[in-house]
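J.: Before anything else, here's the structure in question.
The values are calculated or read from the model by the stated rules, or taken from the named source; none is laboratory data. Because the structure is predicted, anything quoted here is derived from the model rather than measured. Note that we place each Cβ from the backbone using ideal geometry, even for glycine, and neighbour counts take in every protein chain shown. The protein model used for the area step is the full one, side chains on, heavy atoms only, and it has no ligands, DNA or RNA in it. Shrake-Rupley method; radii C 1.70, N 1.55, O 1.52, S 1.80 Å.
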Amino acid sequence: MKDRSLYGSAQAPVAPVSVSPPPPAGPPLVLPSLRPSPLLSGPYTFSHISAVWQLCPVARHITPSTALAWRYPPPHPPFYLGLTVHVAMNLRTALVLLVISIITIFALVCVLLTGRGGGRPSSPPQCPTLTTQKNLFRPHPDPSRLFSDLSREELASVMGFLTQRLGSGLVDASLAKPSDNSVYSVQLQLPPKAAALAHLDRGAPPPPREALAIVFFGQQAQPNVSELVVGPLPNPAYLRDVTVERHGGPLPYYKRPLSSKEFEEVSRMISEHALPRVSGLLHRCCYYKENLVSMTTAPRGLRSGDRATWFGIYYNVSGAGFYLHPVGLELLVDHGALDPAQWRVQRAFYNGRYYESLEVLERAFEGGRVEVVEIAPPSSKAPSSLRPRVSPGALPPLQFSPQGPRYHVQGSQVASPLWTFTFSLELFSGLRIFDIRFQGERVAYEVSLQEALTIYGGNSPAAMMTRYLDGNFGMGLFSTPLTRGVDCPYLATYVDWDFLADSGAPRTVRDALCIFEQNQGIPLRRHYSDIFSYYYGGLPGTVLVVRSVSTLLNYDYVWDMAFHPNGAIEVKFHATGYISSAFLFGAGRRYGNRVGEHTLGTIHTHAANFKVDLDVAGQENWLVAEDMAFEPRPVPWSPEHEMQLMQLTQKTLEREDQAAFPFGSTTPRYLYLASNQTNAWGHRRGYRIQPINFAGQPLPQESDIERACSWGRYQLAVTQRKDEEPSSTSLYNQNDPWTPTLNFTDFINNETIAGKDLVAWVTVGFLHIPHAEDIPNTLTVGNGVGFFLRPYNFFNEDPSVQSPDAVYFQSDQDARLCEVNPVSCLPEMAACAPDLPDFTHGGFRREP
């Protein structure tokens with residue numbers, strides 16, 4: 001990974017500051033006009049005016065047209081210029097004195113308004129790009145890059161080794177037909193946890209660095225998918241087939257993900273062969289002329305072995321989202337054959353009716369038996385467009401760190417005065433963080449996204465069939481370049497990501513991740529006392545954030561992992577982008593809201609599952625549940641009265657079955673992982689898991705595909721950690737949910753969780769009923785959920801009391817003094833201009 005840090009790597013004692021850029025310049029300053037004279041319109045006069053223009057910042061507001069306006073007569077004689085012009089004085093002498101007076105007045109204005117005696121305007125110095133306080137950073141504990149994604153060089157070496165070992169029959173994945181052999185993906189194979197900790201904590205040699213390759217063997221007599229481990233890197237020498245070890249048996253070929261080449265072939269078949277067969281209908285309804293596109297759904301069929309997908313047909317709109325422009329036609333395409341020439345349309349659907357074939361639909365249209373809905377092609381200014389509707393206004397606020405960022409990014413490793421960790425993008429599951437340490441002590445070995453699920457409703461086949469498991473598409477693979485100043489703060493550190501998937505060579509996503517510290521605009525803590533003692537104490541709420549964004553067809557997911565100065569970790573995702581819509585017909589409004597003339601915003605749920613491998617003061621942890629209860633008690637000083645007394649309830653959960661909390665069940669309000677160590681007050685040191693959630697109902701267990709996403713049953717489940725249970729889901733579950741490669745409920749088998757290395761599997765989500773305000777895009781406001789990992793008696797007090805950002809002053813102190821109140825230092829220490837780099841963007845195609 002390559003980072004695009006804008007500053008050096010030093011810590012800054014001043015927290016990020018938010019400023020609003022100056023508004024647009026006001027109207028030009030209008031000065032008193034002069035009597036007309038031919039002499040005032042000549043070069044002599046304007047040369048003097050030009051000189052003043054360059055010297056005085058006020059003059060920058062004076063346009064040449066304003067200067068010309070001086071030639072017009074004022075309502076009174078120009079006595080205010082301080083000139084006494086004798087009637088007998090030569091006119092030319094008077095004009096010379098007049099010009100000198102004008103220059104003098106400009107100089108005085110400059111003195112009054114800028115305090116610079118008519119010199120150039122005072123401009124703040126550039127903020128430093130490097131400070132010398134590197135010793136304030138904690139050194140990163142992993143110099144061996146155990147968890148860092150593979151570099152381009154490592155990816156290329158693996159591909160070269162596989163080509164040599166598997167033979168010249170390998171075809172570049174971007175060109176491969178289903179009947180070819182191809183390497184679909186290569187990425188880091190994580191080391192066993194025991195080996196990683198032996199290296200990190202006890203100085204053992206680092207485990208070998210390895211890669212995991214997924215290979216499609218379409219050319220074999222029994223086509224299959226194989227998973228191969230290659231190592232050691234950077235110079236591979238061995239290859240090991242781990243398919244049976246990881247999945248319990250061979251992987252049938254129909255389980256494989258849809259490659260970009262296969263999707264292109266299906267799209268070409270639809271546009272070049274299928275749609276022309278109903279050209280009469282399409283000319284009538286949709287002004288047909290290569291202006292239609294198709295959108296996939298999933299899963300692909302109704303039983304194991306199927307590879308038949310419903311595709312919705314939409315108007316293509318240049319520069320806008322086609323997702324909001326369905327035309328009412330949907331096609332069921334069977335693309336299971338290894339030869340694309342054998343693919344065919346099995347069924348068609350138009351405006352509420354099913355047809356056995358496209359020919360049947362076209363004959364029905366020609367016979368007048370189809371109710372055609374004419375839809376005018378949307379323009380580039382359609383409601384689906386994201387083009388600005390108004391002219392640019394004042395710039396939005398900008399946050400910057402006056403003394404440089406208070407964190408350091410080297411490759412995929414981040415270090416700050418409080419936190420160290422390594423970030424990574426897994427091709428299919430997306431953002432993950434490893435070896436998270438606060439003040440040098442590990443609190444989590446891994447926090448990672450596992451899967452995202454979207455379940456739709458509707459009365460058309462494409463809508464009612466859609467159950468997207470986004471890991472199959474690739475939440476890392478479809479990470480997008482982050483737009484500076486919008487997706488992340490302008491001055492964030494941007495990091496490129498190298499990957500190899502769906503191609504025979506490594507590619508790069510520019511600015512795929514960003515890291516930044518921001519002031520959240522709310523105090524982390526504060527108190528104002530004017531009773532008995534008079535003081536104020538507070539701490540600004542700053543947070544260090546790692547972010548990536550995945551665009552999966554219509555939706556954009558913003559993934560955040562944030563690190564707070566009190567030792568808390570916040571994990572959150574927001575949904576934005578376009579809703580997936582359907583053609584509105586019949587009883588469509590039972591399944592959503594109308595959001596366009598012919599467009600139904602279909603009801604759906606979003607859910608995401610995360611793996612949380614906490615190591616709370618070591619690997620031996622217990623799960624503790626705490627809550628509240630009211631107990632009737634007699635009032636001690638008046639026994640004839642009764643009171644309801646709140647008290648604490650506590651229980652240590654011993655087994656996995658007790659530690660699985662389905663949605664809809666009563667879940668203890670406090671759940672935390674505790675160690676066998678205690679803090680100064682005798683409490684077991686712990687970390688609490690606190691979900692922030694308003695999930696919809698999970699898929700009923702009666703569904704024949706529910707086992708493929710059975711993690712969705714539970715808002716929280718805690719199991720023993722095992723290397724052989726690395727994930728709650730499988731890449732292959734999407735295309736065969738009826739016989740899932742991995743069923744998460746198999747992890748919950750009543751094993752003991754007392755004093756074990758534990759993993760919490762957390763599911764958060766929300767119900768989304770699209771409405772008018774989701775057009776053109778769903779907003780992040782109100783569409784974000786997640787969870788906190790919070791210290792719970794882990795410390796003896798709030799560790800943020802050690803923050804140098806703290807503010808405290810008493811009534812007898814002058815809070816305006818820098819030595820009393822660090823915030824008062826800002827006018828001096830933050831009186832600098834940030835070094836804003838030129839705007840760049842990662843583009844719309846991954847680099848070759």
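J.: Taking the stated definitions as given, is Tyr407 modelled with pLDDT of 95 or more and more than 37 Å from the chain's Cα centre (by Cα)?
T.: no
J.: In addition: Being in contact with a His (Cβ under 9 Å, 6 or more places away or on another chain), open to solvent by less than 40 Å² (accessible area, probe 1.4 Å) and of a type in the set (Ser, Thr, Tyr) is the requirement here; does Tyr535 meet it?
T.: Judged against the criteria, Tyr535 is not a match.
J.: Could you list all residues from region 234-252 that are open to solvent by 20 Å² or more (accessible area, probe 1.4 Å) and either under 20 Å from Ser304 (Cβ atoms) or assigned to a loop (DSSP other than H, G, I, E, B) (or both)?
T.: Selection gives Pro234, Asn235, Pro236, Ala237, Val244, Arg246, His247, Gly248, Pro250, Pro252.
J.: Please identify the pairs in which a residue from region 146-168 that is assigned by the TED database to the domain that holds Pro208 has its Cβ atom under 6 Å from the Cβ atom of a residue that is in a helix (DSSP H, G or I) and open to solvent by less than 50 Å² (accessible area, probe 1.4 Å), counting only partners at least 6 apart or on another chain.
T.: Once the first residue is assigned by the TED database to the domain that holds Pro208 and sits in region 146-168, no partner that is in a helix (DSSP H, G or I) and open to solvent by less than 50 Å² (accessible area, probe 1.4 Å) comes close enough.
J.: For region 253-306, what are the residues that are within 26 Å of Ser379 (Cβ to Cβ), open to solvent by 50 Å² or more (accessible area, probe 1.4 Å), of a type outside the set (Lys, Arg) and assigned to a loop (DSSP other than H, G, I, E, B)?
T.: Once the filter is applied, which keeps residues that are within 26 Å of Ser379 (Cβ to Cβ), open to solvent by 50 Å² or more (accessible area, probe 1.4 Å), of a type outside the set (Lys, Arg) and assigned to a loop (DSSP other than H, G, I, E, B), region 253-306 yields Tyr287, Glu290.
A quick yes/no check of all residues on (1) within 23 Å of Glu725 (Cβ to Cβ); (2) acidic (Asp, Glu):
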position: Arg406; (1), (2): no, no
position: Ala415; (1), (2): no, no
position: Leu425; (1), (2): yes, no
position: Phe428; (1), (2): yes, no
position: Asp435; (1), (2): yes, yes
position: Gln439; (1), (2): no, no
position: Ser448; (1), (2): yes, no
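J.: Mind listing whichever residues of region 140-186 are under 30 Å from Ile433 (Cβ atoms), open to solvent by less than 20 Å² (accessible area, probe 1.4 Å) and either within 28 Å of the chain's Cα centre (by Cα) or small (Gly, Ala, Ser) (or both)?
T.: If the condition is that a residue be under 30 Å from Ile433 (Cβ atoms), open to solvent by less than 20 Å² (accessible area, probe 1.4 Å) and either within 28 Å of the chain's Cα centre (by Cα) or small (Gly, Ala, Ser) (or both), then Asp142, Leu146, Phe147, Ser148, Asp149, Leu150, Glu154, Leu155, Ala173, Tyr184, Ser185, Val186 are the ones that fit.
J.: Quick one: in region 186-204, of everything that is outside any helix (DSSP H, G or I) and not β-branched (Val, Ile, Thr), which residue is farthest from Glu227 (Cα to Cα)?
T.: If we take residues in region 186-204 being outside any helix (DSSP H, G or I) and not β-branched (Val, Ile, Thr), then Gly203 is farthest from Glu227 (Cα to Cα).
J.: I've got another one for you. If you take the residues in region 642-667 that are β-branched (Val, Ile, Thr) and outside any strand (DSSP E or B), which one is surrounded by the most Cβ atoms within 10 Å (Cβ to Cβ)?
T.: Out of the qualifying residues, it is Thr667.
J.: On the basis of being farther than 30 Å from Leu600 by Cα, in contact with a Pro (Cβ under 6 Å, 6 or more places away or on another chain), open to solvent by 30 Å² or more (accessible area, probe 1.4 Å) and not polar (S, T, N, Q), does Arg442 make the cut?
T.: no
J.: When you scan region 439-527 for strands (runs of 3 or more DSSP E) that lie fully inside it, which ones turn up with 3 or more residues that are in contact with a Cys (Cβ under 8 Å, 6 or more places away or on another chain)?
T.: Where strands (runs of 3 or more DSSP E) fall fully within region 439-527 and carry at least 3 residues being in contact with a Cys (Cβ under 8 Å, 6 or more places away or on another chain), they are 493-501.
J.: On to the next question. Exactly one condition in (1) open to solvent by less than 20 Å² (accessible area, probe 1.4 Å); (2) assigned by the TED database to the domain that holds Ser581 is not met by Phe795; state its number.
T.: Here Phe795 meets the rest and fails (1).
J.: Now, a different point. Do we have Val785 as assigned to a loop (DSSP other than H, G, I, E, B) and modelled with pLDDT of 85 or more here?
T.: Taking the combined requirement at face value, the residue does not satisfy it.
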